[in-house]
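Undergrad: Got a structure for you, questions after.
The values are calculated or read from the model by the stated rules, or taken from the named source; none is laboratory data. For clarity, every value in this text was computed on a predicted model and none was experimentally measured. We place every Cβ from the backbone using ideal geometry, glycine too, and count neighbours over all the protein chains shown. With ligands, DNA and RNA removed, areas are computed over all heavy atoms of the protein, side chains included. Shrake-Rupley method; radii C 1.70, N 1.55, O 1.52, S 1.80 Å.
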Amino acid sequence: MSSKVSDHILDRLRAWGVTHVFGYPGDGINGLLAAWSRAENHPRFVQARHEEMAAFQAVGYAKFSGRLGVCTSTSGPGAIHLLNGLYDAKLDHVPVVAIVGQTNRSAMGGSYQQEVDLHTLFKDVASDFLETVNVPEQLPNVLDRAIRTAHARRSPTAVIVPADVQELEYSAPGHAFKMVPSSLDSSGWSSAPTEEALNRAAGILNAGEKVAILVGQGAAGAREEVRRAAELLGAGVAKALLGKDALSDELPYVTGSIGLLGTRPSYELMRDCDTLLTIGSSFPYTQFLPEFGKARAVQIDIDPHMIGLRYPYEVNLVGDAKATLLRLLPMLRRKDSGRWQEKVISDMERWEDVMARRAEVSAHPINPEYVARALDPLLPENAIISSDSGSVANWYARHLRMRGSLRASLSGTLATMGCGVPYAIGAKFAHPGRPAIALVGDGAMQMNGLAELITAAKYRDLWEDPRLVIAVWNNHDLNQVTWEMRAMSGSPQFLPSQEIPDVSYAGFARSLGLTGIRVEKPEGVEAAWREALTADGPAVVEFLTDPAVPPIPPHATWEQIESTASSILKGDSDRTGMVRQGLKAKAQEFLPGGRKKS
Ligand SMILES: Cc1ncc(C[n+]2csc(CCOP(=O)(O)OP(=O)(O)O)c2C)c(N)n1
Ligand SMILES: [Mg+2]
C-alpha cells in the first residue's frame, strides 16, 4: 500500500519503539496530524498546553524511562516555544528528538507566514544533528540519524519536515548514486578504558588516605559497583543534584547533595579529602571541589568530549561507569584505617539531626523545610519525584532521602523554572503504574504548572496508578532569587520584581475536577500529604510557607547552621547578614542563636 512521507515518519517511529510523542498542533504539521489520524494515534500524540511543556514532558519521559523522548511542533511560533525544553535536554544530556514543521518549499525564503529560519533557530540547541527532509528518499536516513545521534550523544536533535513534503508519496532510497539508505538495528554496547589507564587510576586511588567520591547521573547504572568502590576505599560519597537517585541515601557514608543546595558534610568531604574519584558527573561548581593541588583526582565518564573538565584530573577514564568500575575494582586495595569514613558517617548523622531540627522550627505560617521533611517518610516506595527550580530545590535536595526504587530529577544544568509539572506528566506516561510527585514553587506554578494541570486532568484516566501529586510552596515570593539578591548584594527584597500574587492553586485544581487542598497551618501538613497521596487522581496540595526561612549555604559553619535549627532570624538585616556571612563562611561573627555580636 502506498503511503505518504507523514505516514512513513510514524511508521518509522513505531519501528524504533516510540510509543508517545509530546506536542502541539499547527498547520506546519497538519500533514503529520492527518497521518496520526490514519494510524489511529499510534504512537500516542500527547497534547500539552504549550510546546515548551511538550519538550519538558519529552525530557521527563526520557529521564525517567531511559528511552528516547520525542516532541513535535509546528513551524515558527511552535518551534520557538520548543527551545527552552530542548536546551534542558541538551544541558542535562537527555536524548530527545524534535520533529518540526516548516512552511511549504514553494514559500521558503519569501518571508512567509510563520516562516522563521529553523536551521538558525536550532543551530545551537540541536548542534549534534539538525536536518530538513527535502525529498522522500531522504527520510529514513535523516530520521534514523536523528534518533541514533540523540542516543549516542545523549542530546536533542531536530528533524524539519516542510508541510508539502509531509504530503508527498513516500519512496525509499534506491540502490543508486547519491542515495543514502539506512537501517534500524542497534546492538547493546559498553565502553571501557585501557588496562594501562585503569592501572594508573588504581595507583592514585590506592595511595590516597582520604578518598572522596562524587557521583552524577552517569553512575546510576553502577549502584552496586559504586558501593563496593566506596567500601574498599573507605570513602564518603557526595551526589551531584542530577545524581540524587544514583545512590541510596541509606548508605551511611553517602553525604547527599553537593553544591549550593548541598550538605555541609559534602562540602567538608571535598574540602578535606586527599583523593577525588568522580563518576558520571559534570557538576559545574569547581569551588565545591577540592582546592587545586590538594587532591589527586581520577574521573570516569562515558563521554570523551566531556571528560577532564571541572578539575585538573590526573587520570581520565573514558568508559561506561559499570563496565569501568567492574574492571577497576579488582585493582583496588582495601584501606587499613576506617577513620576517614567514620568521620564522614558521624558528620552525616549530625547533619541529619540538624536538618530534622531546622524543619521543626516554627515559621509563619508554615516552615517550607517541614513540608519537605514531612513528605520524606510518606513517599511511596516506587514514587517518581520531580522538582522545579526555586527554593524548593533546596528542600528537595536536603530533606528527601533516596532509597529503594525511588526516582528523582530536576532541571540540573539549565535550572529552568517550569519543568516540575511537565516532568511529572512525562513520568506518568513513562510509568503509568507508578505514583509521581512534583515539587513546585508558586512562581513556577504560575509560569507553567497551572496550565499543565489541564493536561493532567485530560489524561488522568490513562494512568493505572492514579496518583500524581503536585505540591506547591505558596510563599508569594520568587524566593530563591530574593535570597540570592540578599546574599550577593545585601539588597532587601525588591518587591516589584519579587512579590507574586496569591492564587488559589487548590481552587484551580478543583475547578478542573482534580483534588485540591490548601494548607494554612503546620498541623495540617502531614494529613494533607496523606490525602494527596491516596487521592484517586491528580491532586494539588498547596502549603502557605514562610519566605523568611533562608536556604542556608553549605559552607556556612556548623555553628551557623546549628543556630538556624533553633530559631528563624527575624528582621531583614539579620537574615540578610546571616546568608551573606554564610557565603563568606565567617563563623566568628555569629553567636549560637543566630544573633550578630554587637
Ligand atoms: C525560566 C526561568 N526564569 C527565571 C529563573 C530565575 N529563577 C530561579 S529560581 C526563581 C524563583 C522561583 O520562584 P518560585 O517558583 O516561587 O519558588 P521559590 O523560590 O519561591 O520557592 C527564579 C525567578 C529561572 N531559573 N528560570
Ligand atoms: Mg515562591
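Undergrad: Within the stretch 458-481, how many residues are within 16 Å of ligand 1 (Cβ to nearest atom) and farther than 15 Å from residue 545 by Cα?
TA: 2
Undergrad: Evaluate the following for residue 35: is it over 23 Å from residue 80 (Cα atoms) and free of Cβ contacts under 8 Å to residues at least 60 places away in the same chain?
TA: no
Undergrad: Here are some residues: 532, 548, 585. Which one is of a type in the set (A, V, I, L, M, F, W, C), at pLDDT 75 or above and more than 16 Å from ligand 2 (Cβ to nearest atom)?
TA: Residue meeting the stated conditions: 532.
Undergrad: Follow-up. How many residues does the stretch 299-349 hold that are in a loop (DSSP other than H, G, I, E, B) and more than 22 Å from residue 210 (Cβ to Cβ)?
TA: 10
Undergrad: On to the next question. Name the residues in the stretch 34-54 that are aliphatic (A, V, I, L, M) and buried (at least 19 other Cβ atoms within 10 Å of the Cβ), would you?
TA: 35, 46, 48, 53, 54
Undergrad: Being of a type in the set (Gly, Ala, Ser) and without any contact (Cβ under 8 Å) to a residue 24 or more places away in the chain is the filter; apply it to the stretch 527-563 and report the residue that is most open to solvent (accessible area, probe 1.4 Å).
TA: 527
Undergrad: Does residue 486 satisfy the criteria of being within 16 Å of ligand 2 (Cβ to nearest atom), among the basic types (Lys, Arg) and modelled with pLDDT under 95?
TA: yes
Undergrad: Shifting gears a bit: Among the residues of the stretch 141-159, which ones are closer than 17 Å to residue 184 by Cα, open to solvent by 10 Å² or more (accessible area, probe 1.4 Å) and touching a residue at least 60 places away in the same chain (Cβ under 8 Å)?
TA: 151
For (1) among the polar types (S, T, N, Q); (2) over 24 Å from residue 58 (Cβ atoms), each residue gets a yes or a no:
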| residue | (1), (2) |
| --- | --- |
| 334 | no, yes |
| 346 | yes, yes |
| 380 | no, yes |
| 389 | yes, no |
| 413 | yes, no |
| 416 | yes, no |
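Undergrad: Within the stretch 416-435, can you find the residues that are assigned to a loop (DSSP other than H, G, I, E, B) and within 16 Å of ligand 1 (Cβ to nearest atom)?
TA: 416, 417, 418, 419
Undergrad: Sticking with this one: Does the stretch 410-441 hold any residues that are under 22 Å from residue 481 (Cα atoms) and either modelled with pLDDT under 95 or open to solvent by 10 Å² or more (accessible area, probe 1.4 Å) (or both), and which are they?
TA: 412, 413, 414, 415, 416, 417, 441
Undergrad: Scanning the stretch 79-129 for residues that are touching a residue at least 60 places away in the same chain (Cβ under 8 Å) and more than 19 Å from residue 57 (Cβ to Cβ), which turns out nearest to ligand 2 (Cβ to nearest atom)?
TA: 114
Undergrad: Residue 68 versus (1) over 28 Å from residue 221 (Cα atoms); (2) open to solvent by 10 Å² or more (accessible area, probe 1.4 Å); (3) touching a His at 6+ places or on another chain (Cβ under 7 Å): which is the lone unmet condition?
TA: In the conditions (1) over 28 Å from residue 221 (Cα atoms); (2) open to solvent by 10 Å² or more (accessible area, probe 1.4 Å); (3) touching a His at 6+ places or on another chain (Cβ under 7 Å), residue 68 misses (1) alone.
Undergrad: Looking at the stretch 2-29 only, could you name the residues that are farther than 18 Å from residue 165 by Cβ, open to solvent by 50 Å² or more (accessible area, probe 1.4 Å) and in a strand (DSSP E or B)?
TA: Result: no residue meets the conditions.
Undergrad: Another question about this same structure. Can you tell me which residue in the stretch 368-400 is nearest to ligand 2 (Cβ to nearest atom), limited to those that are part of a loop (DSSP other than H, G, I, E, B) and open to solvent by 10 Å² or more (accessible area, probe 1.4 Å)?
TA: 390
Undergrad: Filter the stretch 442-481 for residues that are near ligand 2 (Cβ under 8 Å from one of its atoms) and open to solvent by 40 Å² or more (accessible area, probe 1.4 Å); which is farthest from residue 533 (Cα to Cα)?
TA: Across the stretch 442-481, the extreme among qualifying residues is 478.
Undergrad: Could you look through the stretch 274-298, keep only residues that are part of a loop (DSSP other than H, G, I, E, B) and among the small types (Gly, Ala, Ser), and pick out the one that is most open to solvent (accessible area, probe 1.4 Å)?
TA: 293
Undergrad: Right, here's the next one. Testing residue 126 on (1) assigned to a loop (DSSP other than H, G, I, E, B); (2) under 23 Å from the mean Cα position of the chain (by Cα); (3) farther than 26 Å from residue 305 by Cβ, one condition comes back false. Which one is that?
TA: The failed condition is (3).
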